[in-house]
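Here the structure is laid out as structure tokens; the discussion comes afterwards.
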Amino acid sequence: MSEHDHHHGSHDHHHDYDGHDHGHSRHAHGGHHHHHHHAPARFGLAFGLGAALNLGFVLTEAVFGVLGHSVALLADAGHNLGDVLGLLVAWTASVLAQRSPSERYTYGLGSTSVLAALFNAVVLLVITGAVAAEAARRLFAPEAPAGVTVMIVAAAGILVNGATAALFASGRKGDLNVRGAFAHMLSDALVAAGVVVAGGAILLTHWSWLDPLVSLAISALIVWGTWGLLKESLDMALDAVPSGIEPSDVRAYLAALPGVDQLHDLHIWGMSTTETALTCHLFMPDGHPSDAFLAEVCDTLRKRFGIGHTTLQVETDAAYACPLEPAHVI
């Protein structure tokens with residue numbers, strides 16, 4: 001797409017405008033820049049603290065699992081180790097997303113945040129599937145868990161995972177990656193709460209099958225909660241229009257601009273979990289618009305639709321047929 005755009009920009013009757021780079025659109029650029037760098041910087045500490053808290057808890061679970069002969073605790077330790085890995089991946093992506101663009105990676109490495117969100121969703125579903133399979137097996141061959149030890153350690157898990165989830169609560173709306181970490185930790189706190197309830201019920205009733213039944217219920221809840229994260233991160237990996245933006249509304253806004261006769265080759269995609277880009281060709285037969293007009297369009301796209309990186313190509317010659325004009329051409 002970009003190769004086509006640059007090729008057409010070379011025609012002297014075209015006017016390329018990138019709302020990201022020009023000095024007179026510094027207001028638009030500044031707002032976008034702040035949005036991009038603020039989120040990862042703010043949550044870097046949360047990712048680090050969350051990973052450290054959970055690593056400590058994994059070691060505690062493993063020790064008590066061995067001492068108390070509890071397979072359940074050892075399995076949960078493995079589950080939480082997966083979370084530590086997920087947090088570290090998300091943290092690495094948030095750091096990489098702040099790297100400046102290079103000659104080779106002209107958008108920077110912001111899209112690593114999309115890969116991290118996708119990785120976390122897949123890992124969570126795989127781990128949950130393994131836990132559900134073990135729970136299904138135990139339904140038919142119940143094993144008596146070490147109730148009191150399991151309850152105490154699982155109660156500590158509610159605190160650790162709940163505290164870690166709270167670190168990410170404020171950013172879960174603005175960044176898919178932070179939302180992934182939040183969902184991950186919240187689901188673990190739910191798992192721990194379920195284990196405590198099951199442990200208590202088993203101590204009172206001696207019904208060993210309660211443990212795998214609660215586990216299956218929690219697994220279903222996690223899959224239901226993670227499905228949206230998986231779909232959204234998959235969409236972003238495939239350059240889909242971000243879910244909060246309605247393409248027809250953007251098209252209607254651009255088509256209604258004064259001087260715009262028609263438009264084509266409109267593309268909107270997420271460059272990272274916090275940034276959105278747009279490219280579009282505008283046919284304006286009355287001549288080139290001013291830079292101030294284009295800067296205002298970029299500013300409106302940023303404020304109204306959250307699109308911070310806009311590139312507009314203006315075409316003015318009706319005799320020139322843009323090769324990208326047909327709807328089926330990407």
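The values are calculated or read from the model by the stated rules, or taken from the named source; none is laboratory data. All values reported here derive from a predicted model rather than from experimental measurement. Cβ atoms come from the backbone with ideal geometry, glycine included; neighbour counts cover every protein chain shown.
The single residue among A51, A28 that is buried (at least 16 other Cβ atoms within 10 Å of the Cβ), among the aliphatic types (A, V, I, L, M) and modelled with pLDDT of 80 or more turns out to be A51.
Screening S219 on (1) among the polar types (S, T, N, Q); (2) farther than 20 Å from G129 by Cβ; (3) in contact with a helix residue (DSSP H, G or I) (Cβ under 7 Å, 6 or more places away or on another chain) shows it passes everything except condition (2). If I filter segment 207-238 down to residues being at pLDDT 80 or above and among the charged types (D, E, K, R), which single residue comes out as nearest to the chain's Cα centre (by Cα)? Once the filter is applied, the top-ranked residue is E232. Scanning segment 105-150 for residues that are in contact with a Leu (Cβ under 9 Å, 6 or more places away or on another chain), farther than 25 Å from L67 by Cα and assigned to a loop (DSSP other than H, G, I, E, B) returns G108, L109, G110. Checking every residue in segment 151-159 against the condition of being farther than 30 Å from D235 by Cα, in a loop (DSSP other than H, G, I, E, B) and either modelled with pLDDT under 80 or outside the structural domain of T273 (by TED's automatic domain parsing) (or both) gives zero matches. What do you reckon, is V196 at pLDDT 80 or above, surrounded by fewer than 24 Cβ atoms within 10 Å (Cβ to Cβ), part of a helix (DSSP H, G or I) and not assigned by TED's automatic domain parsing to the domain that holds S272? Judged against the criteria, V196 is a match. Out of everything in segment 170-191 that is free of Cβ contacts under 8 Å to residues at least 40 places away in the same chain and more than 15 Å from A90 (Cβ to Cβ), what residue ends up being surrounded by the fewest Cβ atoms within 10 Å (Cβ to Cβ)? Applying the filter and picking the extreme gives K173. The residues listed here are V241, V260, V250; of these, the one that is at pLDDT 90 or above, over 30 Å from S94 (Cβ atoms) and of a type in the set (V, I, T) is V260.
Scanning segment 89-104 for residues that are in a loop (DSSP other than H, G, I, E, B) and out of contact with any Pro (no Cβ under 6 Å at 6 or more places or on another chain) yields R99, S100, P101, S102, E103, R104. Looking for whichever is loosely packed, with under 15 Cβ neighbours inside 10 Å and modelled with pLDDT of 95 or more here; the options are A255, A295. Which one fits? Every option except A255 fails the conditions. Restricted to strands (runs of 3 or more DSSP E) entirely inside segment 227-327, those with at least 1 residues that are within 30 Å of T128 (Cβ to Cβ), outside the structural domain of I127 (by TED's automatic domain parsing) and in contact (Cβ under 8 Å) with a residue 40 or more places away in the chain are 262-270.
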